[in-house]
Structures are given as C-alpha cells and as structure tokens.
1. Pop a pseudo-label 7 angstrom from the Cα along the beta-carbon direction at both A296 and E130 and give the gap in nm to one decimal.
2. Would you please classify the overall shape of the chain from the alpha carbon gyration tensor, given that a ≥ b ≥ c denote the square roots of the eigenvalues, rounded means a/c under 1.5, and beyond that prolate means a/b larger than b/c while oblate covers the rest?
3. Provide Rg and Dmax in Å for the stretch 247-370, with only Cα atoms included in the calculation.
4. Under 8 Å for C-alpha pairs, at least 6 residues apart: give me the relative contact order for the stretch 253-311, rounded to a whole percent.
5. Among T158, S97, G72, whose Cα lies farthest out toward the positive end of the dipole of the stretch 53-196, if unit charges sit on the beta carbon of Lys, Arg (+1) and Asp, Glu (-1)?
6. With the dipole of the stretch 288-423 worked out from charges on the C-beta (+1 for Lys and Arg, -1 for Asp and Glu) around the Cα centre, which of I399, S362, T304 lies farthest toward the positive end?
7. Which listed residue (G382, F347, I213) has the Cα farthest towards the positive end of the charge dipole for the chain, taking +1 on Lys and Arg C-beta and -1 on Asp and Glu C-beta about the Cα centre?
8. Give the dimensionless ratio obtained when the Cα radius of gyration of the stretch 223-297 is divided by 2.2 N^0.38 Å.
Amino acid sequence: MSIRAISGAVLVIASSTGMAAAQTPPGFELRTNVEAFDSQDSTIQGLHGITVLWDFGNNIYAGQSFYSAAFGDAGGAFFWGFEGATRVPVTERVSLSFQGFLGGGGGAGEVPGDGLMSRLYAGASYRVTEQFALDLGASHVRILGSPVDTLSYGLGVTYRPGGWSETGPLAGSNVVDRLSAVRPSVRSFIVDDGRRARNGSPQENVTLAGAEIAFAVNSASELFVNADGAVAGDGEGYMNVLGGYRLFADLGAVRPYADASIGFGGGGDIDTGAGLLLSAGVGAALAISPSFEIMAGVQRVQATDGDFGAWSPYLRGSVNLGGSPDQDRDGSRTWRLAYSTAITHQFANDDFRKPGDLRDASPTLNATAIDVYLAGDLYFTGEAQTVMYGDAGGYALGILGAGYKFDLAERWDLSIEALVGAAGGGGVATNGGLIAGARAEVDYALTDSFLLSGGIGYLQTIEGGGMAPVTIHAGIKIPFELGG
C-alpha cells in the first residue's frame, strides 16, 4: 500500500467538504458499516466501510467510499472508489436503500490481479433520531484478481448532519464550517522487541509519512482522521487509517493535548492480523502564527489481532482553517480549497515491476485530491490513488506536494506541481516506498464551481532505479471557500 496521504477515509470525509459550496452546501450522508462475507475462500473475510454520499434530490445520492479488511487475516487490504445510491421511503422512519460501488485496491498479498472491486448493496434503514439511522442489509462483493466473489451481511450507521426533515442539494448543515485543520505529517514506528513480521522474521522499525484532517467540536476538542504509509525501513506497502478524538488544554502559544483513535492498518510484512488498530497518545501544539502550528507527540499503536505493537513519535505541520462552532472565524482570512477526482494512467517503464515479476501491463487508477491555497495561487495538495486495472492489485500511492496556478485565459488555468509521497504493492518496484515527481495540469471552467481537468506527469523512486512511469490523468475539480 502507501501513504495514501489524505487517503482513504481522510479523503472520503475531506471530499464531503469539497463538494460543498461555501454558502449553500449540499446535504450529505456519512455512512459507516461492517459486514461479514458468506464465503471463506479468501483471507479477506469481511469489510469495514466509510461512505460519503451527497444528496442530489429525488432520493438520489452520489459520492465516494473507502473499504478496508475487517475480518480474517488480511490487515492492509484497502479499496477506494465511487459510490451511487438511492433511498426509497417506506414509512416516516423506515426506508429501503440501494447502493453500488466501483473502485479498486488490494493488499495483504490477497489481490494479485487487477484489484477492481464492485459492490451491490440492498438494505433497510431505521431512523432513530433526526440525524442518525441504523442500517441492516446484504451485498454482493467481487474483487477481480482475488477469490472474493461472495454475498455479505452487515450492520451500519448513517449520520445526516442536516437531518431528514429536508432533502435535496440545498439541505443539510454547513459542516464545511467545522473543517478546522489540514496537517501533513511524518512519524516512526519503534516496534516492540520480539515482534514478528508476517514472514516470520523480526519486525524492524518503520518511517511513515501522511496527513490528517480535523473537524472542531468546540474550541478545546476536535475529531480527526489521519492516514500514514511507509516510506522507509521495514514496512514497504504498509498503511493505516485512524479516526479519533483529541482534547486540548489552552496555555497560550502552547496547547498540550491527549488523543485516542481506532482504525485499520496493515500491508507489506507488518502483521496486523485482521487489521484493527487502537491508538492513544499525548502531545503539544506550538503556535507559529495564527494560521500555522507545529504539533509533536507520541502514540501507542497496537493491533488487536496480529503480532504488531509500537511506540510512534510524530511531527505534524498544522494549517489551521478555523471552524470551531463556538468561535467565529477570523473574518480577515478566506481560505480557498479545491476537491478533485480523476482517472489516471501510468505508462510502465522497463523497471516498473520488481525483479522477476514478468507482468508488463500499465495500471489505471482512480485518484482523489484536496488542494489548500496558502498564499495567492500557491497551494498545498494531498492525493490518494488506488489501482483499478493493470494486473497490479494492491498498488496504491499517496502524494503530498506544492503547486502554483497560472491564469492562461478567461476560463483556462495551468498548474505546475512538485510532488513527494509513497507507493507500494502490486509487485511494483517502489524500493522502500518513497517517491517524487512533478506534474502539469490544465483546467477549463465550465462554471465558477465546476472545472474539467487533465494533465501529464512523471514519478520516480528515490532509492535505486525502480518505477519511473509517465502519467496522464483526466477528471473534474470543484473549488470552494471557507471563512471570509
């Protein structure tokens, strides 16, 4: 796997803000579920899912989902892609729900083929409160290149911030106002003595990179989602996605905190069993400016099933966007952001695959990104990519970078980006996981809030002469604003 920086769940939830216009956000539903497979033919024996669906009216929804292995022995299998749904009201509290997912991924050595995943779901929802509903249903899951082709049965929870009293694209509360920070990060796993990797050898320490987004609960606490992937050490192909709660103490320029989180992780030779991870830690945030902090801390990360446990010191840069519901934003600052999703293709070179791997297909991936403009047309970007075709199941990338946008004409823009990140899986020669590259992208504005986007780029492993594909991509981009 990889960093998938602002990846998986991070980008799923972050993208819910991206699809929202600043003044009239669309209503959306955040769904999470756990399901067990009927078939036991694969080490992936069940999934955990996080889905964001935007309400387009007439009970039609579209959005994106992130799925990870939850049962069996395939910690590190992750899948990401596009979801559509419809809801059919039966009574005031009961409705039927139908969903369809198409995406890709893999991991844990269980998806040696393409990695394309499809999921068809049918179920019922019971609205417990105006904002929460319980879900019960069944689905059919198929993952190309793996033994997974099975019915599954699961439970879930749907959260609708604006409630069910209103529907349609202008319904719902402005949850985007609670997006409080975007945080690139580096961290280490200092693995406990005696821990064993999946291959039976002693597990060594790992260096990771990733990102976090935070949503303010109030001025002293927040909810967060972070994703990290291995870039050095004994962990190529590992990633984790964790969500949790953080409580701050305000001492002026320094804010000590404690946090706890739960999520899923694995990949490479790190033995996380079924993949469930628990984490708790302490740290402090140091204010450099009103809009930027440095966060340093340490967490204990523990797999509940596999032979993995580690202490994890980390360092994060925090671009603070505001968003506390009990404090007004600084009206002097308006933040510009952009959400984008695309299909990208990598033209594999002679060194793309690991030595001895005779596969020569060029992979096609789905990609999702968030851009945060820091000053003028200079922006920070975070992107996740997972494979859909190309005989590289489990191959994924997480990318962080900086870019600058140039105005070409009334509706045309050109962006140039410098990129760094991590990649792994699918037999691709990422030589430890750390990659770098550059990209040029052209945008055409159909409207002020909907752009067509396409471009060309290049990626290269930092260590040795591994993967070095030329890349092309095409998709959409949706700019929006915070504050003001």
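1. Placing both labels 7 Å along Cα→Cβ, they lie 4.6 nm apart.
2. It comes out rounded by the Cα gyration axes.
3. 20.7, 59
4. 35 percent
5. About the Cα centre, the residue reaching furthest to the positive side is T158.
6. T304
7. I213
8. That works out to 1.31 for the stretch 223-297.
Values in this text are rule-based calculations from the coordinates and carry no lab data. Computed from a predicted structure; not experimentally measured. Every residue, glycine as well, gets a Cβ built from its backbone with ideal geometry; the counts of neighbours run over all protein chains shown.
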